[in-house]
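Below is one structure, written out as structure tokens; the observations come after it.
The values are calculated or read from the model by the stated rules, or taken from the named source; none is laboratory data. The structure displayed is predicted, hence computed values, not measured ones. No Cβ is skipped: glycine too gets one built from the backbone with ideal geometry, and neighbour counts run over all protein chains shown. The accessibility values were calculated without ligands, DNA or RNA, using every heavy atom of the protein model including side chains. Shrake-Rupley method; radii C 1.70, N 1.55, O 1.52, S 1.80 Å.
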Amino acid sequence: LTKGTHQISLAADYEPVAKSVRDIHLLLNHINQFSLEIIKLTGKNIDKNRTWQLTRYIPETDTYLAAYETIIKNIIAELSFYAPNKEASATLSYLQKALYSLDKLRKYPDRLPIYLEDLSTGTASVAQRLGDSIAMLSEQPLSLDGFLVFSDQHIDQPKAALSARLKAGFQSFASSFTSDKYSPKLDPEAVDIWVNRAITYVDLMQKLADAEFTPRTGIRVNLSVMPDANKLILAAAAGEAPDVALGLPSYMPFDFAIRNAVRDLSAFPDFWEIAGSFAPGAFVPYVLNDSVYALPETLDFNAIIYRTDLFNVMGLEVPDTWDEVIKILPELQRYGMSFYHPIAGGGALKWFYQTAPFIYQYNGSLYSEDGLTTTIDSPEAAKGLSFLNSLFTTYSLPEQVASFYNSFRYNQIPIGIVSFGDYLQIKNAAPELIGQVALANNPGTRHADGTINRSFIANGSAGIILADTEKAEESWEFLKWWMSRETQTTFAYHLQSTYGPEFVWLSGNIDAVKNSPIDEQDKRIILDQIEWLVDVPRTPGQYMLERGLSDIWNKAVFDGTPTGVAIDAQVILINRENRRKLVEFGFLDQHGNVVKPYIIRDVDWIRAQMERGN
């Protein structure tokens, strides 16, 4: 190098294989369209015993299969130029397997409907092999262990001696049995933090805190893995709880708060200023009267996910409201397909996120303002529950879907409502759908004034400060640092660059979500939906309300009970149990008189506090 400043760049160049990847995408699109044409003729449930003569109805069948074979052979020839082992390269193995499957299918083209799974809908189909090939060709990262810059001096060998490597290997093996690096333990000199996540997450968090938080504040932190969040309850009862707990399910902070086991975070002077960076609806389950007991560490969302290839072939528009969902159902059902509602993904007991969204979309509520009674029998709530039930009784949405991921992947249900976990699974575990999947707004209910209410029930995990801590200020400083935009953004990128693209961190901090490494088109939809996120207010007897809503759906859908009748029967049970729990926790006396108020705070109250704080 000459004297002066120089810039050295290294890049993994995707361009040489880009044309082949595009060709595979086009081939996949045609295979899916061809499969849809076959389903038009055969229907969803293909008769395996029938003697099919497909070429009489689709004469191009053998031509299509021959073309698929020719195109794949051409792609293999083009890519083998860049592969070290030519056609025998592992990267091309899926294409070779696809060729083998096509060769079998070409022997009996008339019987293709019987073997449609081998072409497009099975776990080892041609379509899946092509999708796996796209993933292998697209994800070839450049990895570097380090740079070594020298001139003419002697440099050491990059590998240590065999004896040194053996010694280090035995030490690592022994440490895997004896090290307590991430086991829960108390440190009197540091802020102790228990994290309900895997070691991979906690390791990155500890390194980040040691590198940034401690040097900036002088506060040492000790992060430990908490494999079971329920152990925190036992630790609190034994007086051995940590200062901070992270990664808790959204229902746990209330259970601690009503027993005076956690700190009121809203008592810190800058709380509402900090809270302004979060989704207002995510705070709802963490509020008890006028106090807030947790920060939403992560988020969840609901959105429509759909197959763009199938929607293009069928000429359908993506629905924006539930009325539009109903309009496309006949066309979907004509192909033996349907729309997926999250209530179909659970067991017999349905959770709030499955049953309650329509109550909010119809401007209803779950509780009275004093929290003493449920309001699911109000006209708005009853109308929402009636519409939910009608989707399954009148419009025949599937009541049970064993795996939406499989149904979506194999052309059975090409559209549905997904959460963050479902979204990640489809994006990362269905390579044959790369470029054929898109997100859209969660369907809403249109009101007389033209507005659309898209409210949905969801939440992520929470972070709390335990009541017995002697380091409350230090713990709050850590929580503020951990949940800041800068830290959450850094953690999201570190997590993905270290462990792979499937490790996506959806922070509770909305500004951090805007910076997150998520596809920009998907990110816009996710941010739009977070505005409609709302969770259920907690009461001591809320488990009975959740069970009651589940029973209402089951009785209406499976027993044919009118929704109003089912609601009336459950309201009596819900109110009775709720009053009993309010007596137990000292809000009512034995005669039902109010001892201390119990106030239900909704998302509007939280927004008002945020506006004052900012």
Applying the Karplus parametrisation 6.51 cos²θ - 1.76 cosθ + 1.60 with θ = phi - 60° to the phi angles of the stretch 596-611, what ³J(HN,Hα) value in whole Hz is obtained for each residue in order, glycine and proline being reported as x? 9, x, 10, 10, 7, 9, 9, 5, 5, 5, 5, 4, 5, 5, 5, 5
Taking the radius of gyration and the Kirkwood hydrodynamic radius from Cα positions alone, what is the Rg/Rh ratio for the stretch 1-159, to two decimal places? 1.22
Phi angles of the stretch 216-224, converted by Karplus (6.51 cos²θ - 1.76 cosθ + 1.60, θ = phi - 60°) into ³J(HN,Hα) in whole Hz with x for Gly and Pro, give 6, 10, x, 9, 7, 10, 10, 9, 10
Over all pairs of different Cα atoms in the stretch 338-472, the reciprocal of the mean inverse distance gives a Kirkwood radius in Å of 17.4 Å
Integer Hz, Karplus 6.51/-1.76/1.60 couplings in order for the stretch 31-38, x for Gly and Pro: 4, 5, 5, 4, 4, 5, 5, 5
Pull up all non-local amide H partners of residue 410: gap of 5 or more, or a different chain, and H-to-H distance under 5 Å with H placed in the peptide plane. none
Loop only by DSSP, 16 or fewer other Cβ within 10 Å of the Cβ. Give me the GluC sites (Glu not before Pro) in the stretch 450-496 that pass, ordered by residue number. 470
Amide H within-cut-off set for residue 321, under 5 Å, with H built and near neighbours excluded: 444
Hey, could you get me the Stokes-Einstein D for the stretch 331-417, Kirkwood radius over alpha-carbon pairs, 37 °C and 0.692 mPa s, rounded to whole µm² s⁻¹? 230 µm²/s
Roughly how far apart, in whole Å, are the Cα centres of the stretch 329-385 and the stretch 483-505? 34 Å
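Work out which chymotrypsin sites (Phe, Trp or Tyr not before Pro) in the chain are exposed loop sites (DSSP not H, G, I, E or B, at most 12 other Cβ within 10 Å) and give the longest gap free of them. Don't jump to the answer; show the numbers that get you there.
Details: sites that count: 14, 81, 147, 150.
Maximal segment without exposed cleavage sites: 151-614.
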Could you work out the relative contact order of the stretch 86-157, using alpha carbon pairs under 8 angstrom and six or more residues apart, expressed as a whole percent? 30 percent
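Carbon and sulfur together cover what percent of the accessible area of the stretch 340-419 at a 1.4 Å probe radius? Kindly include the intermediate steps, with their values, before the conclusion.
On the way: 1420 of 2760 Å².
Carbon and sulfur: 52 percent of the exposed surface of the stretch 340-419.
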Looking at the stretch 44-88 from every direction and averaging, what is the projected area of its Cα convex hull in nm²? 5.2 nm²
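Express the carbon and sulfur contribution to the solvent-accessible surface of the stretch 30-98 as a percent, rounded to the nearest whole number, probe 1.4 angstrom.
Details: 1940 of 3990 Å².
Reported share for carbon and sulfur atoms: 49 percent.
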What Kirkwood hydrodynamic radius, in Å, does the chain give when the mean of 1/r is taken over all pairs of distinct Cα atoms and then inverted? 28.0 Å
Once you keep just the Cα pairs under 8 angstrom separated by 6 or more residues, what percentage relative contact order results for the stretch 251-409? 16 percent
At 4 °C and 1.567 mPa s, what whole-number value in µm²/s does Stokes-Einstein give for the translational diffusion of the stretch 524-604, with Rh from the Kirkwood sum over Cα pairs? 86 µm²/s
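What trypsin sites (Lys or Arg not before Pro) does the stretch 33-105 have in DSSP loop regions with at most 14 other beta carbons within 10 Å?
Values: sites: 40, 44, 48, 50, 56, 73, 86, 97, 104; in loops: 44, 48, 50.
Passing sites in the stretch 33-105 are 44, 48, 50.
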Among the GluC sites (Glu not before Pro) in the stretch 547-614, which ones are in a DSSP loop with at most 10 other Cβ atoms within 10 Å of the Cβ? Mind listing them? none
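Please say if the stretch 202-271 is rounded, prolate or oblate, where rounded means a/c under 1.5 for a ≥ b ≥ c the square roots of the C-alpha gyration tensor eigenvalues, and otherwise the choice is prolate for a/b larger than b/c and oblate otherwise? Don't skip to the end; give the middle numbers.
Values: a/c = 2.14, a/b = 1.39, b/c = 1.54.
Oblate, since a/c reaches 1.5 and b/c is not below a/b.
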Roll a 1.4 Å probe over the protein chains and send me the accessible area per residue for the chain in Å². 48 Å²
Using the basic label-point model (7 angstrom from Cα toward the beta carbon), what is the residue 178 to residue 291 distance in nanometres? 4.6 nm
Taking 8 Å as the Cα distance limit and 6 or more residues as the minimum spacing, I'd like the relative contact order of the chain as a percentage. 18 percent
Shape descriptor, the stretch 356-404: equivalent ellipsoid semi-axes (Cα gyration tensor, sqrt 5λ, whole Å, largest first) stand at 26, 12, 8
Once amide H atoms are built 1.01 Å from N in the peptide plane, which residues 5 or more positions from residue 191, or in another chain, come under 5 Å H to H? 220, 221, 222
